[in-house]
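Shown next, in structure tokens, is the structure this report addresses.
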Ligand SMILES: Cc1cc2nc3c(=O)[nH]c(=O)nc-3n(C[C@H](O)[C@H](O)[C@H](O)COP(=O)(O)O)c2cc1C
């Protein structure tokens, strides 16, 4: 008899399970510590100034300006904080001699040009901080590609009855403004049911969906989320979570997020298919917000937050950030 089987026979079951759990705990700590080291080494954290990391920061702050430009009621002179960050990162970019042809830097310069042009178009002066922070890159900004970012206009057209999958994918954009029409809860349940066709590891189906149409709870949850600040509250809100209790080994520690993400994408497709407007909203919260959302929605302890999705009927017309995609060569590697 092997040593493992011998121990299994002589140790009481409760103690044996406890020992196995302790072993899982040690393994989990090792995995998390490796994950921690990799994240600290390679994420766009302060001090990590590789081209990829600075590019990510440029994209992050450029998207803030892009969102500001896509508000239907434009607020002239917005974005001082994001501009400050962009100027700081552009200076670092220049210092390191990185390429001015990278996606993120082209996007940042483009959004800065759009910012300038939007103010000129409306006949309002640029805020003083723009020239102070960006004066150094005037030539680059003034010659940036206007198509690389900014706001696009959504105009409602009734979709054809039988859209292909690729048409649904191409038609979906995040919309943050909705018509005033309430959303039928049953339509959301229908989308949530269709999204259950998403695959999941061993078909364990860890994703859970909360459909929120109660205006008081919705408002509380949206205020806690705070990622759609400056927009009216949506008529409906979804919360996708994933149940940790469906996972059986510490090697699966990230799987709740993968399965939850797959479900969420299927759900976004289903909402588009049903001709609803939606915007995924992050749940990357610090403790206070996480606890707040958990308590507002009364979420069980074994569920992790994946994302909110704001939902409404499509408006006749609205602006939205262009959110241009990278070129496929940037992300696809063919291993032959
Ligand atoms: C997980 C996730 C979280 C997001 N969080 C927010 C958010 O908090 N606020 C927001 O306005 N947009 C949010 N978005 C929407 C993204 O900005 C948007 O998906 C991206 O710019 C691509 O644009 P598109 O969805 O129109 O194709 C989020 C998207 C995802 C996938």
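On a 0 to 90 degree scale, rounded to 10, what angle separates helix 287-297 from the longest Cα axis of the chain?
Here the helix axis deviates by roughly 80 degrees.
Please figure out what share of the DSSP beta bridges in the chain is antiparallel and state it in percent, rounded to the nearest 5.
Working: 26 of 27 bridges.
Expressed as a percentage, antiparallel bridges in the chain total about 95.
Could you work out the relative contact order of the range 91-235, using alpha carbon pairs under 8 angstrom and six or more residues apart, expressed as a whole percent?
Numbers: 60 pairs, mean separation 32.4, N = 145.
Result for the range 91-235 is 22 percent.
Compute a Gaussian network model of the chain, connecting alpha carbons closer than 10 Å, and tell me which residue from 68, 260, 227 fluctuates the most.
The residue that fluctuates most here is 227.
Scaled to the compact-protein estimate 2.2 N^0.38 Å, what is the alpha-carbon radius of gyration of the range 232-320, rounded to two decimal places?
Working: Rg = 14.7 Å, N = 89, 2.2 N^0.38 = 12.1 Å.
Taking N as the residue count of the range 232-320, the ratio is 1.22.
State the Cα centre-to-centre distance between the range 215-254 and the range 55-97 in whole Å.
Using only Cα atoms, the two centres lie 27 Å from each other.
Compute the angle between helix 255-273 and the longest alpha-carbon principal axis of the chain, please, reported from 0 to 90 degrees and rounded to the nearest 10.
Taking the Cα atoms of the chain, the angle to 255-273 is about 50 degrees.
Which of 46, 234, 12 moves most in a GNM of the chain, Cα contacts under 10 Å?
The residue with the greatest mean-square fluctuation here is 12.
Let me have the 222 nm mean residue ellipticity of the chain computed from DSSP H runs of 4+ only, each contributing -39500 (n - 2.57), with the sum over all residues rounded to the nearest 500.
Numbers: 13 runs with 168 residues, N = 336.
Helix-only estimate at 222 nm: -16000 deg cm²/dmol.
Using label points projected 7 Å from each Cα along Cα→Cβ, tell me how many nm separate residue 275 and residue 18, to one decimal.
The modelled label-to-label distance comes out at 6.2 nm.
Residues of the range 133-166 with backbone nitrogen within less than 14 Å of a virtual label 7 Å along the Cα-to-Cβ line of residue 330, please, listed as ranges.
145, 147-150
Rounded to two decimals, what is Rg over Rh for the range 177-336 when you use alpha-carbon atoms and the Kirkwood radius?
Numbers: Rg = 16.6 Å, Rh = 16.8 Å.
With Rg and the Kirkwood Rh in hand, the quotient comes to 0.99.
Looking only at Cα atoms, what is the convex hull volume of the range 269-336 per residue, in Å³? Could the numbers behind the result be given before it?
On the way: hull volume 14.6 nm³, N = 68.
In the range 269-336, the Cα convex hull volume per residue is 214 Å³.
Which ordering of 302, 139, 259 is given by a fewest-first count of other beta-carbon atoms within 10 Å?
Going from sparsest to densest Cβ surroundings: 139, 302, 259.
Distances over 19 Å make up what percent of all Cα-Cα pairs in the range 51-149? It would help to have the intermediate numbers written out before the result.
Numbers: 1620 of 4851 pairs.
Cα-Cα pairs of the range 51-149 separated by over 19 Å account for 33 percent.
Can you tell me the length gained on complete extension of the stretch residue 10 to residue 202, counting 0.36 nm per residue apart and subtracting the Cα distance? If you can, show how the numbers build up before the last one.
Numbers: separation 192, 0.36 × 192 = 69.12 nm, distance 3.32 nm.
Additional length available on full extension: 65.8 nm.
With contacts defined as alpha carbon pairs under 8 Å and 6 or more residues apart, what's the relative contact order of the range 51-149 in percent?
Values: 87 pairs, mean separation 35.7, N = 99.
Relative contact order of the range 51-149: 36 percent.
Given Cα pairs under 8 Å that are at least 6 residues apart, what percent is the relative contact order of the chain? Mind showing how you got there, number by number?
Working: 428 pairs, mean separation 71.6, N = 336.
RCO, the chain: 21 percent.
Cα-based Rg (one decimal) and Dmax (whole number) for the chain, in Å?
23.7, 86
Computed from the coordinates by the stated procedures, all read-outs in this text should not be read as laboratory data. Because the structure is predicted, anything quoted here is derived from the model rather than measured. Please note: Cβ atoms are built from the backbone with ideal geometry, for glycine as well, and neighbour counts cover all protein chains shown.
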